[in-house]
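Asker: Sharing a structure with you now.
The values are calculated or read from the model by the stated rules, or taken from the named source; none is laboratory data. Only a predicted model underlies this, so the values are computations on that prediction, with no experimental measurement involved. In this analysis, Cβ positions are derived from the backbone assuming ideal geometry, glycine residues included, and neighbour counts consider all displayed protein chains. Only protein heavy atoms, including side chains, enter the accessible area calculation; ligands, DNA and RNA are left aside. Shrake-Rupley method; radii C 1.70, N 1.55, O 1.52, S 1.80 Å.
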Amino acid sequence: MAEEDDPKEYRWETGYEKTWEAIKEDDEGFLQASVADMVQRAKRKRQALKQGSQKLGMMRHLFLLLDCSESMSSQDLKPTRLICTLKLLEIFLEEFFDQNPISQIGIILMQNKRAEKISELAGNYRKHIKVLSHLNRTNLLGEPSLQNGLEMALSSLKLLPSHASREILVIMGSLTTCDPGDISNTIENLKLEGVRCSVIGLAAEVHVCRQLANQTNGIYNIILDDNHYKDLLFQQVDPPPAAVCLESSLIKMGFPHQLNNEGSDEPLTMCMCHVDSTEDGSKLTSGGYYCPQCFSKYCELPVECRACGLTLVSAPHLARSYHHLFPAANYIEVNFNNQTFVCFACQKLFGELDKQVYNCPNCKKYFCIDCDIFVHETLHTCPGCATNPLTFQIALTN
Amino acid sequence: MNNIVLPDETQTDSSSDDETSLVVVILDSNPGQKMLRDSPHVLTHCVDSIIAFANSHLMQKAQNKLAIMACHSKTSQFIYPGQGKHTDVRQVDGQYEVFTAVEKITKKNLAKVLTADSSTVTKESLLAGAIAMALCYISRLQRTKPPGATLNCRILVVTGSSCSASQYMNYMNVFFTAQKQNVVIDVCALDQHLSLLQQGCDITNGLYLKVPQLQGLLQYLLWVFLPEPPIREKLVLPPPLKVDYRAACFCHRQLIEIGYVCSVCLSIFCRFSPICTTCHTVFKMPALPAVKPKKKKKI
């Protein structure tokens, strides 16, 4: 059995833990400070695990397999599992495209033993959110079919060029799946194609999902509550390590810029993204981005040129992903011993409450815990290193 | 000026009194920048203008907040509100005490920074780091503000330095963080055109202005950078320049329209090379003659 070589043991198999002893009251009898402290420590721990590995699957192609069966109407998540999921997915999509601007997502529904692709692989999150918002009122019918869903995702992912990172994220509310054939063959195929499948279970652990995730190097997790659910979803935002079979190649891309013919106004033209739709965006506009190869106009980047197939991006889009590759160095926790009286970044005065301060290994400046988290989660640049001419490029050279 | 500022006051009064706006001014005091090497006394003029600008900001509303930073050659520092406690400032000539305090503390701390180190080795100021510090400061204020209060933050960078691609990643990181935190970055270029910082202004919806005449610095600061972002829409400000977002290739630092991107580390090259110079990935050789077939694959 796979479970035997799985190092993670279940909670009920571990030793007896006195979890309540970890929480201590502060002087005024409140628990809040102690809990907040634990949350921060957990955040730091997670951050420390992230190591800047040089090889990541940066051009991600992710299929979202969403269970829309009867089980999603359960009310253990408020108001219902489906509505809670949709709300979280909306935030997830925005964050995902913020962090992975040249990646693509597609959405597949699993409903009534069938799989239905409601959104093709695309890089525009507004389109996906629009599709998701219509799901609110779908009828939640029957059982899902995991196999059909996976097969459908695989058939699209197969066609992608070899340098693309292929992923599937399954959100499974049901404890059963109703499949037409042997699902282990499907899992075998996914493995061969190098598709990484992760599963988030909303109910309880299911053997087939565990198998799927283990075989394809994905992650399988069961949610505890909606906050945990959000955490698990956001784990998927960071690009995964590149799959072994991932081929590296140079990809031809276009960097369009707005035409600047000085003095004269640009003519009113239609952009290629809205040319065949009758919705609001389809208007004649004067500005836009022009494909350097075929001069088709687009109103938004990044996009794949419809006429010549060139991927069009702007330089900041690529730059947005650089921090995954060149992360700021992790700070070292040291006991506070009057090394400095103020946090270098935020100017917070250190007092008796600060038992630990955080030291950057490169620039040797001291920071408070809030700045430590802020620098590594959001900023990705150490303020101490970036203000010193000796260290400001250190992230690049490491 | 009065008739422009007035609508803002009536607006905020009716909506909420808890609205505070914070301006972090980053003054580039690096003695290595060209402008200061040519004529060091310009700095005095800049400091005076900035103090006047800072006081006008504080004057607009009692809740308004201010921080001034100096970006120096080897480090950056907050010079107002400085570290430690300040001695009480008494009223002089009927001037509002806070104004006197701003002027005294700023000048005192700036003098400290300037005398501590005056090497003119580094030509390029490390503005990205100073902005990063300002963002940490802002995020602390956002964390500790009383619940229900709103704090609108912006950063004003006043610099005569040039900018090159060496800080590109740090710049991009701070711009995207600022965008996420709703912090507006304004840039007032005194000497040279700054294309990277201009991109930052565009990303965060800030204003970029290259001052045509240094003599009139205060005028530009007051007219262009003093109004809050919501009011700016109603003013006739210098028209935004078109920002050039073309990428520079890693091999020759030239702006390119069509380039090749490494699928592993996203480095940009202007022509095909078998090995990525950044991450040392070896690319499949067959792709070399197959530049055309690759195109076909995508179509």
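Asker: Counting other Cβ atoms within 10 Å of each Cβ, which trypsin sites (Lys or Arg not before Pro) in the range B:50-139 have at most 14 and sit in a DSSP loop?
Answerer: Details: sites: B:61, B:65, B:74, B:85, B:90, B:104, B:107, B:108, B:112, B:123; in loops: B:61, B:74, B:85, B:90, B:123.
Qualifying residues, ordered by number: B:85, B:90, B:123.
Asker: Could you work out how far apart the two model spin labels at residue A:335 and residue A:40 are, taking each label as a point 7 Å from the Cα in the direction of the beta carbon, and quote it in nm?
Answerer: Output for this residue pair reads 1.9 nm.
Asker: Given the whole protein assembly as supplied and a 1.4 Å probe, what does the accessible area of residue A:252 come to in Å², nearest 10?
Answerer: For residue A:252, the solvent-accessible surface is approximately 40 Å².
Asker: Compute, for residue A:231, the solvent-accessible surface of its heavy atoms (probe 1.4 Å) with the complete set of protein chains present, and express it in square angstrom to the nearest 10.
Answerer: 70
Asker: Run a plain Debye calculation on the range B:246-288 (Cα atoms as equal point scatterers, no solvent) and give log10 I(q)/I(0) at q = 0.17, 0.32 Å⁻¹, rounded to two decimals, same order as the q list.
Answerer: -0.41, -1.21
Asker: Next up: Can you give the accessible area of residue A:10, probe radius 1.4 Å, in Å² rounded to 10?
Answerer: 60
Asker: Within chain B, which complete DSSP H helices have Cα atoms spanning at least 15 Å along the helix axis and a mean Kyte-Doolittle hydropathy of 0.0 or higher? Could the numbers behind the result be given before it?
Answerer: Values: long enough: B:2-15 (20 Å, -0.94); B:42-60 (27 Å, 0.87); B:97-116 (28 Å, 0.24); B:127-144 (26 Å, 0.91); B:168-180 (18 Å, -0.18).
The answer, listed by residue number, is B:42-60, B:97-116, B:127-144.
Asker: Then there's this: Scan chain A and hand back the longest stretch that contains none of the GluC sites (Glu not before Pro) lying in DSSP loops with at most 12 other Cβ atoms within 10 Å.
Answerer: On the way: sites that count: A:9, A:17, A:25, A:28, A:262, A:279, A:352.
In short, A:29-261.
Asker: Roughly how much accessible area, to the nearest 100 Å², goes out of reach of solvent when B and A pair up, both sides summed, probe 1.4 Å?
Answerer: Numbers: alone 17170 and 22710 Å², together 34000 Å².
Approximately 5900 Å², summed over both chains.
Asker: Could you pull out the chymotrypsin sites (Phe, Trp or Tyr not before Pro) across the range A:307-398 that fall in loop regions by DSSP (anything but H, G, I, E, B) with no more than 15 other Cβ atoms inside 10 Å?
Answerer: Details: sites: A:322, A:331, A:336, A:341, A:344, A:350, A:358, A:366, A:367, A:374, A:392; in loops: A:331, A:336, A:341, A:344, A:350, A:392.
Loop-located and lightly packed - A:341.
Asker: Only Lys, Arg, Asp and Glu count, each charged at its Cβ (+1, +1, -1, -1), so figure out the dipole size of the protein assembly as shown about its Cα centre, rounded to 20 debye.
Answerer: With only Lys, Arg, Asp and Glu charged at Cβ, the dipole is about 2220 debye.
Asker: With Cβ to Cβ distances under 10 Å as the rule, what net charge do the other residues near residue A:171 carry (K, R +1; D, E -1)? Kindly include the intermediate steps, with their values, before the conclusion.
Answerer: Numbers: positive: A:81; negative: A:67.
Summing Lys and Arg as +1 and Asp and Glu as -1 gives 0.
Asker: Moving on. For chain A, what does the accessible surface come to per residue with a 1.4 Å probe? Please give it in Å².
Answerer: On the way: 19810 Å² over 398 residues.
Heavy-atom accessible area per residue stands at 50 Å².
Asker: Using a Förster distance of 60 Å, how high is the FRET efficiency between residue A:78 and residue B:39, based on the Cβ-Cβ distance and rounded to 0.05? Don't skip to the end; give the middle numbers.
Answerer: Numbers: r = 66 Å, r/R0 = 1.10.
Efficiency at R0 = 60 Å is approximately 0.35.
Asker: Can I ask one more? Could you order A:76, A:179, A:354, A:67 so the one with the most accessible surface comes first? Probe is 1.4 Å.
Answerer: Values: A:76 90, A:179 45, A:354 25, A:67 0 Å².
Per-residue accessible area, sorted high to low, gives A:76, A:179, A:354, A:67.
Asker: Based on Cα coordinates alone, diagonalise the gyration tensor for the protein assembly as shown, multiply each eigenvalue by 5, take square roots, and list the semi-axes in whole Å, largest first.
Answerer: Values: eigenvalues 419, 211, 129 Å².
For the protein assembly as shown, the semi-axes come out at 46, 32, 25 Å.
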